[in-house]
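Taking it in order: structure first as structure tokens, then the write-up.
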Amino acid sequence: MAGKQRSGPASRQPKVSRRQADEARAQLAAGGLSHQQRRKLRAVTGAWDSAASQRRSQVRHLGIVLGGTLVAMALVAVFNGLVPAIEAADGHGTAGTFTAGSQPCISRRVGCRWSGTFRSADGVTLRHVAYDGTLPAGDGGGSSVPAVFPGGAVHVVYPRGSSRAWITDVLVMVLVGGIVGFLLWIMPLGLGKRETPGAVV
């Protein structure tokens, strides 16, 4: 029973500063110590090494969390076409006219989007493009509205001068990044869990 009572407090590693650890290493290197003194000094250096290992593991874990969050946000931004949406909101891109065709309910956002044909002012036609906006009340298939095509691999056009699609994209990007970061943070990565031998006096 006495041994079990002593095991709790003894298992706690003492807080050791870098200076104490360096001094302990210097004394060990000098030699001429008894077995008990060497054991105590090794406990000091072991406690410092264990704490330093845990700090390095925490830094690596934080780096993984931040890296994973940024990668997830970047992938969402690319998939959702965030940059083209921002460019369209700033008025950049090719101006033209979007003619609505059908309204399939297969969209990266909640709800349905019109698909149709975009014709630029200089006569270039793009077919099967998606319209990331709302048609005026009463308009439907066959209606034409001013639109902007910002370019890029994603065939999406935006309302001219009033696109706010990028706001939804940013919210989705932040949400996904936050979820991925949280999952990586709580995920047991097995870093910094080993105890250094000799750390207990």
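Quick note: the coordinates plus some simple rules give every number you see, no bench work behind them. Note that the coordinates shown come from a computational prediction; the quantities given were computed from them, not determined experimentally. Positions of Cβ are generated from backbone atoms using ideal geometry, with glycine treated the same way; all protein chains shown enter the neighbour counts.
Quick check on the stretch 33-49. Is at least one of its residues among the hydrophobic types (A, V, I, L, M, F, W, C), within 30 Å of Thr168 (Cβ to Cβ) and either assigned to a helix (DSSP H, G or I) or without any contact (Cβ under 8 Å) to a residue 12 or more places away in the chain (or both)?
Taking the stretch 33-49 as the starting set, the residues that turn out to be among the hydrophobic types (A, V, I, L, M, F, W, C) are 33, 41, 43-44, 47-48.
Still in the running and within 30 Å of Thr168 (Cβ to Cβ): none.
No, because not a single residue in the stretch 33-49 is among the hydrophobic types (A, V, I, L, M, F, W, C), within 30 Å of Thr168 (Cβ to Cβ) and either assigned to a helix (DSSP H, G or I) or without any contact (Cβ under 8 Å) to a residue 12 or more places away in the chain (or both).
Would you mind telling me which numbered condition in (1) buried (at least 16 other Cβ atoms within 10 Å of the Cβ); (2) within 37 Å of the chain's Cα centre (by Cα); (3) part of a helix (DSSP H, G or I) Ala24 fails?
In the conditions (1) buried (at least 16 other Cβ atoms within 10 Å of the Cβ); (2) within 37 Å of the chain's Cα centre (by Cα); (3) part of a helix (DSSP H, G or I), Ala24 misses (2) alone.
Restricting the first residue to the stretch 63-82 and requiring it to be under 14 Å from Leu171 (Cβ atoms), which pairs with a second residue that is outside any helix (DSSP H, G or I) meet a Cβ separation below 7 Å and a spacing of at least six or different chains?
Filtered contacts from the stretch 63-82: Asn80/Arg108.
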